[in-house]
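Following this message is one structure expressed as structure tokens.
The values are calculated or read from the model by the stated rules, or taken from the named source; none is laboratory data. The structure presented is a predicted model; accordingly, all values stated were derived computationally and were not measured. Positions of Cβ are backbone-derived with ideal geometry, glycine not excepted, and every protein chain shown enters the neighbour counts. In case anyone asks, the SASA skips ligands and DNA or RNA and just uses the protein heavy atoms, side chains included. Shrake-Rupley method; radii C 1.70, N 1.55, O 1.52, S 1.80 Å.
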Amino acid sequence: MGSCLSSSTKVSGSSSTSNAAFAPPPPTTTTTIAIKATAHKETVNTNHGESHKPSEPKRGNNNNNNNRHRRKGSSGTGGVIPWGKRTDFGYAKDFTSRYTMGKLLGHGQFGYTFVAMIFPMGIASLSSESRRIRTTEYLLFHAHKGLCAQVIAATIIMILPIAVEDVKREVKILQALTGHENVVQFHNAFEDDSYVYIVMEKDSRYTEKDAAIVVRQMLKVAAECHLHGLVHRDMKPENFLFKSPKDDSSLKATDFGLSDFIKPEKKFRDIVGSAYYVAPEVLKRRSGPESDVWSIGVITYILLCGRRPFWDKTEDGIFKEVLRNKPDFRRKPWPSISTSAKDFVKKLLVKDPRARLTAAQALSHPWVREGGSASEIPLDISVLFNMRQFVKYSRLKQFALRALASTLNEEELSDLKDQFDAIDVDKNGAISLEEMRHALEKDVPWKLKESRVLEILQAIDSNTDGLVDFSEFVAATLHVHQLQEHDSEKWQIRSQAAFEKFDVDRDGYITPEELRLHTGLRGSINPLLEEADIDKDGKISLPEFRRLLRTASMGSHNLPSPSGVRPRKQ
């Protein structure tokens, strides 16, 4: 039935429009359910106050910079419902016979949230007045018995015209994520002549440990979304609720109104989200799953110091700060905050999305990992992506990545070790074809044939034993852009060490003879050399080698392997 609640608790930065508290008759409880109702008519009467005339959302309102919004250029495909037109969503139509709504909890730009309660068995069939009396009696009876009745919350969207597909998409997203411990539990969707109701569970300053626990749960939501091909697009404190007031209460993601599915290797071109939490690439109209991690970085910064990392009096001013400036880690209390926490936030607030930690990578960071176990870390979409890409790389780049992988230490590989362990289900220290297939199919948007999975495994399996060991896995899944961005000095050292594995005579160049010696390839080596030899002097310099590591090439894809077998065509 759920635990007893006396209030709806938000993480931080609650909307100023929210009511201070919600107190159902003791000892009733919440099984937190949020209900969004989308109005079909011009005038909406909720029976909980005066009628409301829906209005168009205001854009660029400087007095409320934290409102979420879609800017012109939205890729939403939904049509618009003309005033007064009835649209059938195909949802159940018995909401009012199953629930009764009470006190207003609060509201945002797109909806109003009310306390509501599920009618007890046998009461739903009564008249409205009898039902009200019997429900009161039911509550009093169970209060006397010390039991709990189910209480819900109802959010009614008042903004018209409404995009039909936006509502349908949010329901579809909530259905896809149902059952995840850190996503608000979806119960059902209803509609009547006036609204569409989405029924969901309703469920200061933190110490670093408290903040880490909260952030960890947010990252788990993001990682799960990304595996489903979803981007939340509006990660902020107001969109998370604690299930109960208890210290160890779990966190629930509650609002997927701006969320959307994204196709593999595609980008969103619209500006969506809330000003303080929006990522730089969103403002540049080229965003993807990485934008959710940026938003969680902003939330973490706020939880640790109580200030926003990017602030201005106007929305446009905030956007300029996000695009141009870096967060301040010098002002108090940052000097007293742990080095690990600062390192974590900095790696989430990297402006280049390619160099930013992924949600799954962030879960492996020592600061947020404390108290957690590797088994709780989900598969990383970027690791799965890198494995798919590795088969497309030229032979030279594959050799170069293997050399670079061999220079990294255990600490630098901790996140990849977590990923390897997650894929290596039988824990025998190697990834089989079946384990590879099982991991790759978890990245829902990608539909890979069995033959494609075998091709990927064969490309990564450098010793051709039919299995992928950890060193082979690292070479295929390295995040080169992160190595360069996070510590440029270490990148210089590591890339030079990899270069010197080819440069046997240490003259500062990789010659055709050295390349042949290292790779074991037979036949002409010139096509391999030409890919990296930018200045066409017949050899590869250190800068050219570093450039090779940072870029992918398809040009030498069909070069023979050391065994003389050509990789199959893509």
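With modelled with pLDDT under 90 and out of contact with any helix residue (DSSP H, G or I) (no Cβ under 9 Å at 6 or more places or on another chain) as the only criterion, which of SER414, SER451, SER394 stands out? It would help to see each step written out before you state the result.
Details: SER414 fails: out of contact with any helix residue (DSSP H, G or I) (no Cβ under 9 Å at 6 or more places or on another chain); SER394 fails: out of contact with any helix residue (DSSP H, G or I) (no Cβ under 9 Å at 6 or more places or on another chain).
Answer to the check: SER451.
What is the residue count in the stretch 247-261 for residues that are under 16 Å from HIS232 (Cα atoms), at pLDDT below 90 and in contact with a strand residue (DSSP E or B) (Cβ under 7 Å, 6 or more places away or on another chain)?
Number satisfying all stated conditions: 1.
Which members of the stretch 326-368 meet the condition of being in contact with a Pro (Cβ under 6 Å, 6 or more places away or on another chain) and open to solvent by 10 Å² or more (accessible area, probe 1.4 Å)?
Quick first cut of the stretch 326-368, residues in contact with a Pro (Cβ under 6 Å, 6 or more places away or on another chain) only: 327, 340, 349, 351, 360.
Scanning the stretch 326-368 gives PRO327, SER340, LEU349, LYS351.
Just one of the numbered conditions (1) under 27 Å from VAL383 (Cα atoms); (2) assigned to a helix (DSSP H, G or I); (3) open to solvent by 10 Å² or more (accessible area, probe 1.4 Å) is not true of ILE296; which one?
Against the list (1) under 27 Å from VAL383 (Cα atoms); (2) assigned to a helix (DSSP H, G or I); (3) open to solvent by 10 Å² or more (accessible area, probe 1.4 Å), ILE296 comes up short only on (3).
Moving on to the next point. State yes or no: is MET158 more than 21 Å from ASP248 (Cα to Cα) and either buried (at least 20 other Cβ atoms within 10 Å of the Cβ) or modelled with pLDDT of 50 or more (or both)?
Numbers: more than 21 Å from ASP248 (Cα to Cα): yes; either buried (at least 20 other Cβ atoms within 10 Å of the Cβ) or modelled with pLDDT of 50 or more (or both): yes.
Taking the combined requirement at face value, the residue satisfies it.
If we scan the stretch 492-503, do we find a residue that is among the β-branched types (Val, Ile, Thr), farther than 14 Å from ALA400 by Cβ, surrounded by fewer than 18 Cβ atoms within 10 Å (Cβ to Cβ) and modelled with pLDDT of 90 or more?
Step one: list which residues in the stretch 492-503 are among the β-branched types (Val, Ile, Thr), which gives 493.
If we keep only those that are farther than 14 Å from ALA400 by Cβ as well, we get 493.
Narrowing the set further to residues that are surrounded by fewer than 18 Cβ atoms within 10 Å (Cβ to Cβ) leaves 493.
From the residues that got through so far, the ones that are modelled with pLDDT of 90 or more too are 493.
Among the residues of the stretch 492-503, at least one is among the β-branched types (Val, Ile, Thr), farther than 14 Å from ALA400 by Cβ, surrounded by fewer than 18 Cβ atoms within 10 Å (Cβ to Cβ) and modelled with pLDDT of 90 or more, which makes the answer yes.
Ok, one more. When the residues of the stretch 462-478 are filtered to those that are among the acidic types (Asp, Glu) and not in a helix (DSSP H, G or I), which remaining residue is surrounded by the fewest Cβ atoms within 10 Å (Cβ to Cβ)?
Residues of the stretch 462-478 that are among the acidic types (Asp, Glu), as a first pass: 465, 469, 472.
Next, only the ones that are not in a helix (DSSP H, G or I) stay: 465, 469.
Numbers: ASP465: 10, ASP469: 17.
Here the answer is ASP465.
If we keep just the residues of the stretch 239-269 that are open to solvent by 20 Å² or more (accessible area, probe 1.4 Å) and among the basic types (Lys, Arg), which is farthest from GLY288 (Cα to Cα)?
Restricting to residues being open to solvent by 20 Å² or more (accessible area, probe 1.4 Å) and among the basic types (Lys, Arg), the top hit is LYS246.
Determine if the stretch 266-288 includes at least one residue that is among the polar types (S, T, N, Q) and assigned to a helix (DSSP H, G or I).
Within the stretch 266-288, the first condition is being among the polar types (S, T, N, Q), and the residues that meet it are 274, 287.
From what's left, assigned to a helix (DSSP H, G or I): none.
There is no residue in the stretch 266-288 that is among the polar types (S, T, N, Q) and assigned to a helix (DSSP H, G or I).
Quick grid of which residues meet (1) hydrophobic (A, V, I, L, M, F, W, C); (2) open to solvent by less than 10 Å² (accessible area, probe 1.4 Å):
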position	(1), (2)
ILE460	yes, yes
VAL480	yes, no
GLU485	no, no
GLY508	no, no
LEU517	yes, no
PRO527	no, no
PRO543	no, no
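Could you check the stretch 408-439 and list, in sequence order, the residues that are surrounded by fewer than 16 Cβ atoms within 10 Å (Cβ to Cβ) and within 29 Å of ARG516 (Cα to Cα)?
ASN409
VAL322 fails exactly one of the following numbered conditions: (1) modelled with pLDDT under 95; (2) over 16 Å from the mean Cα position of the chain (by Cα). What is the number of that condition?
(1)
Each row is one residue, and each column tells you yes or no for (1) under 22 Å from ALA362 (Cα atoms); (2) touching a Lys or Arg at 6+ places or on another chain (Cβ under 9 Å).
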position: LYS447; (1), (2): no, no
position: VAL453; (1), (2): no, yes
position: ILE456; (1), (2): no, yes
position: ALA459; (1), (2): no, yes
position: GLY466; (1), (2): no, no
position: PHE470; (1), (2): yes, yes
position: HIS486; (1), (2): yes, yes
position: TRP491; (1), (2): yes, yes
position: SER495; (1), (2): no, yes
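Inside the stretch 525-553, can you point out the residues that are of a type in the set (S, T, N, Q) and within 21 Å of SER462 (Cα to Cα)?
Step one: filter the stretch 525-553 for residues of a type in the set (S, T, N, Q), giving 526, 541, 551, 553.
Answer for the stretch 525-553, where residues must be of a type in the set (S, T, N, Q) and within 21 Å of SER462 (Cα to Cα): THR551, SER553.
Let me ask you something else. Determine if the stretch 467-483 includes at least one residue that is out of contact with any Cys (no Cβ under 7 Å at 6 or more places or on another chain), under 19 Å from LEU549 (Cα atoms), at pLDDT 90 or above and among the hydroxyl-bearing types (Ser, Thr, Tyr).
yes
Given the condition open to solvent by 50 Å² or more (accessible area, probe 1.4 Å), more than 22 Å from PRO237 (Cα to Cα) and either modelled with pLDDT under 90 or not hydroxyl-bearing (Ser, Thr, Tyr) (or both), answer yes or no: does some residue in the stretch 302-316 qualify?
Within the stretch 302-316 (the criterion being open to solvent by 50 Å² or more (accessible area, probe 1.4 Å), more than 22 Å from PRO237 (Cα to Cα) and either modelled with pLDDT under 90 or not hydroxyl-bearing (Ser, Thr, Tyr) (or both)), the answer is no, since none of the residues qualifies.
List, please: which pairs have Cβ atoms under 6 Å, are six or more places apart or on different chains, and start with a residue in the stretch 375-399 that is in a loop (DSSP other than H, G, I, E, B) and end with one that is open to solvent by 10 Å² or more (accessible area, probe 1.4 Å) and of a type in the set (Val, Ile, Thr)?
The qualifying pairs are ASP380/THR358.
Considering the stretch 529-541 alone, what residues qualify as being farther than 11 Å from LEU396 by Cα and open to solvent by 40 Å² or more (accessible area, probe 1.4 Å)? Step through it out loud before you land on a result.
Within the stretch 529-541, the subset farther than 11 Å from LEU396 by Cα is 533-541.
Listed by number, the residues that qualify are ILE534, ASP535, LYS536, ASP537, LYS539.
Among (1) part of a helix (DSSP H, G or I); (2) under 18 Å from the mean Cα position of the chain (by Cα); (3) within 20 Å of LEU357 (Cα to Cα); (4) not small (Gly, Ala, Ser), which single condition is GLU238 missing?
GLU238 satisfies every listed condition except (3).
Can you list residue pairs whose Cβ atoms sit under 6 Å apart, with the first residue in the stretch 529-541 being under 9 Å from PRO512 (Cβ atoms) and the second being of a type in the set (Val, Ile, Thr) and open to solvent by 10 Å² or more (accessible area, probe 1.4 Å)? Count only pairs 6 or more apart in sequence or on different chains.
Here the result reads LYS539/THR511, each pair linking the stretch 529-541 to a residue that is of a type in the set (Val, Ile, Thr) and open to solvent by 10 Å² or more (accessible area, probe 1.4 Å).
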